[in-house]
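Notes follow the structure.
The values are calculated or read from the model by the stated rules, or taken from the named source; none is laboratory data. Just so we're clear, the structure is a prediction, and the values are computed from it rather than from any experiment. Cβ placement follows ideal geometry from the backbone for every residue including glycine, while neighbour counts extend to all protein chains displayed.
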Amino acid sequence: MQTRTVTIVNEAGFHIRPAQLVSEKASAYESTILIKPEGTTNEANAKSILNLMTLGLAKGAVVHIEAEGSDEQEAVDAISQLVESGFGEA
Amino acid sequence: MNILELLQPQSILIPLSGNDKVGVISSLIDGLAAAGSVTDKELYKNAVLTRETTGSTGIGFGVAIPHGKSAGVTRPGLAFAKLASPVDWDSLDGEPVKAVFMIAVPESAAGNEHLQILIALSRKLIDSEFRDKLMAVSDSEALTSLLATI
């Protein structure tokens, strides 16, 4: 299993478009990918847009990205990079 | 976030006959204006359509959540339309849209009110039983009781 901790950096937080982008990206990998907000017991399947939206992550929220499977390293790298990029938003 | 408080009878359109995405959006904005949430329809519509150009708000499962933060909005509002016939929305899963929730938030809104509304909505929509019931609502009473119970 691979895990990385990242912070939500875009001003508007984790709304529909970021959830869409993450679910699209995550679906390209075979691994099971979970997003776990720090300090909560919540977790979301990164391949499900609705699952991700229910987390309601605001700017500054810290999340653990966890992947398990044949491409877990690539999956964690790709999703972390996407979140840290701020989804191309301010 | 109690989404029922944001949903006025004037902004519940069941059924709505719309030919395309823009037509559906315009009708929902008329509803939000009648409900007193939107005061400058053109300004708000620009925000909503600009948002659509950055990526479709069709989240899949036949549901779309168009939204906009704009100075044309005086207080937060939510509108709902159950479409008489499915409309193409360039959705993530390629499926046409049958139910639409529209979120309006004032430009001056502090923090992340739109996010709170979105969380409340998505926590309901994630339930397949809720979605099935949503697709079957026949009037505004059915919608409000569905939103109240689940």
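Quick one: is B:Lys82 among the basic types (Lys, Arg) and without any contact (Cβ under 8 Å) to a residue 60 or more places away in the chain? The answer is no for B:Lys82. If you go through the range A:1-24 and pick out every residue that is of a type outside the set (A, V, I, L, M) and at pLDDT below 95, you end up with 10. A residue that is out of contact with any Gly (no Cβ under 6 Å at 6 or more places or on another chain), surrounded by fewer than 21 Cβ atoms within 10 Å (Cβ to Cβ), among the aliphatic types (A, V, I, L, M) and assigned to a helix (DSSP H, G or I) occurs somewhere in the range A:11-30.
Take the range A:56-67 and flag every residue that is within 13 Å of A:Ile35 (Cβ to Cβ) and either surrounded by fewer than 22 Cβ atoms within 10 Å (Cβ to Cβ) or not aliphatic (A, V, I, L, M) (or both).
The answer is A:Gly56, A:Ala61, A:Val62, A:His64, A:Glu66.
State all residues of the range B:55-81 that are closer than 26 Å to B:Lys133 by Cβ, assigned to a strand (DSSP E or B) and in contact with a Ser or Thr (Cβ under 8 Å, 6 or more places away or on another chain); if no residue qualifies, say none.
B:Gly58, B:Ile59, B:Gly60, B:Ala64, B:His67, B:Gly77, B:Leu78, B:Ala79, B:Phe80, B:Ala81
Per the listing B:Val63, B:Val73, the residue uniquely within 14 Å of chain A (Cβ to nearest Cβ) and under 20 Å from B:Leu4 (Cβ atoms) is B:Val63. The condition of being under 26 Å from B:Ala120 (Cβ atoms), touching a strand residue (DSSP E or B) at 6+ places or on another chain (Cβ under 7 Å) and more than 14 Å from chain B (Cβ to nearest Cβ) holds for only one of A:Ile65, A:Ile16, that being A:Ile65.
Taken across the range B:4-18, residues that are modelled with pLDDT of 95 or more, surrounded by fewer than 18 Cβ atoms within 10 Å (Cβ to Cβ) and among the acidic types (Asp, Glu) do not occur at all.
Test A:Ala78 against the stated conditions and say whether it is more than 14 Å from chain B (Cβ to nearest Cβ), surrounded by 14 or more Cβ atoms within 10 Å (Cβ to Cβ), part of a helix (DSSP H, G or I) and touching a residue at least 24 places away in the same chain (Cβ under 8 Å). Criteria met by A:Ala78.
Taking first residues from the range B:32-56 that are more than 14 Å from chain A (Cβ to nearest Cβ) and over 18 Å from B:Val97 (Cβ atoms) and partners that are charged (D, E, K, R) and not in a loop (DSSP other than H, G, I, E, B), the Cβ contacts under 7 Å between residues at least 6 apart in sequence or on separate chains come to B:Ala33/B:Lys41. Each residue in the range B:26-54 was checked for being out of contact with any strand residue (DSSP E or B) (no Cβ under 8 Å at 6 or more places or on another chain), at pLDDT below 95 and part of a helix (DSSP H, G or I), and 2 pass.
On the given criteria, is B:Gly23 farther than 11 Å from B:Ile103 by Cβ and part of a loop (DSSP other than H, G, I, E, B)?
So B:Gly23 fails the test.
Residues checked against (1) within 13 Å of another protein chain (Cβ to nearest Cβ); (2) modelled with pLDDT under 90; (3) in contact with a strand residue (DSSP E or B) (Cβ under 8 Å, 6 or more places away or on another chain):
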site	(1), (2), (3)
A:Pro37	yes, no, yes
A:Gly60	yes, no, yes
A:Glu84	no, no, yes
A:Glu89	yes, yes, no
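For the range B:114-146, taking the residues that are over 22 Å from A:Asn51 (Cβ atoms) and not in a loop (DSSP other than H, G, I, E, B), the one that is farthest from the other protein chains (Cβ to nearest Cβ) is identified as B:Glu141.
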